[in-house]
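These notes concern the structure reproduced below.
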Amino acid sequence: MIEWNNFYGAILIDREYEVSKDYIRNGLLEKEYLYFHPDIFSTGIQKYPYYYGNILFTFGRTAKYFACNTNELEEFIVEFEDILSNIDFENAQIRINTDYANYDLFWLNKLKLTESKKNETIEHFKEFQIKYFESEKFFFGIAEIDLYTGWTEKYNDEKISEFENWYPDFKYPF
């Protein structure tokens, strides 16, 4: 019955808070995304004591018949990665709740990592058997991420199998 679905998440902003906030408030409207609108975002506040070090953008919404097939999931990811490409972020996490399964997706901004940190991250993924993919700008994967450290832990094998069964032709990058 793939009818009652939602997604929510968080993006850890690095330094350019005002530029990132402006893109969420104005840039999203120009793009006319299918899944993302400025009103589903909370862009935090740059006022003590409501943040410490980095600001967290959060978002979420309900959806009907969300990501029912690989093509729809890829369209969702493309939109989100376009947003990430236009803001100054370190790490991001999205939780997708659907009738058929729940998934945690993460992104690490490779442009913020030194070469040694990239290698360390890849070794970490291998050690903890993280299902991840790599593009020019991002490490993208299926697992929960610590937004501050960028570390992940081994994800539930059953969830990975569900993902692979539901999206058998998923390939990244697109």
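The values are calculated or read from the model by the stated rules, or taken from the named source; none is laboratory data. Since the structure is predicted, the reported quantities are computational estimates derived from the model, not experimental observations. Note: ideal-geometry Cβ built from the backbone for every residue, glycine included; neighbour counts use all protein chains shown.
Observations on the model:
Every residue, every condition in (1) more than 19 Å from residue 57 (Cα to Cα); (2) touching a helix residue (DSSP H, G or I) at 6+ places or on another chain (Cβ under 8 Å), yes or no:
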residue	(1), (2)
113	yes, yes
126	yes, no
132	yes, yes
138	no, yes
141	yes, yes
145	no, no
148	no, no
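- Looking across segment 120-145, the residues that are free of Cβ contacts under 8 Å to residues at least 24 places away in the same chain and charged (D, E, K, R) come down to 120, 123, 126, 127.
- Entry remark, segment 15-32: residues being modelled with pLDDT of 95 or more and surrounded by 18 or more Cβ atoms within 10 Å (Cβ to Cβ) number 5 in total.
- Qualifying residue in segment 73-80 (condition: of a type outside the set (A, V, I, L, M, F, W, C) and loosely packed, with under 15 Cβ neighbours inside 10 Å): no
- Odd one out for residue 141, checked against (1) loosely packed, with under 14 Cβ neighbours inside 10 Å; (2) farther than 24 Å from residue 23 by Cα: (1)
- Whichever residue in segment 39-55 is over 19 Å from residue 6 (Cα atoms) and without any contact (Cβ under 8 Å) to a residue 12 or more places away in the chain and, among such residues, is surrounded by the most Cβ atoms within 10 Å (Cβ to Cβ): 51
- When the test is whether a residue is outside any loop (DSSP other than H, G, I, E, B), touching a residue at least 24 places away in the same chain (Cβ under 8 Å) and within 24 Å of residue 12 (Cα to Cα), residue 163 does not pass it.
- Any hit, segment 131-139, residues being in a strand (DSSP E or B) and under 12 Å from the mean Cα position of the chain (by Cα): yes
- Filtered by the rule that a residue be buried (at least 19 other Cβ atoms within 10 Å of the Cβ) and modelled with pLDDT of 95 or more, segment 56-72 gives 57, 59.
- Looking at segment 1-89, the helices (runs of 4 or more DSSP H) lying wholly inside it that each contain 1 or more residues that are of a type in the set (Lys, Arg) sit at 17-22, 28-31.
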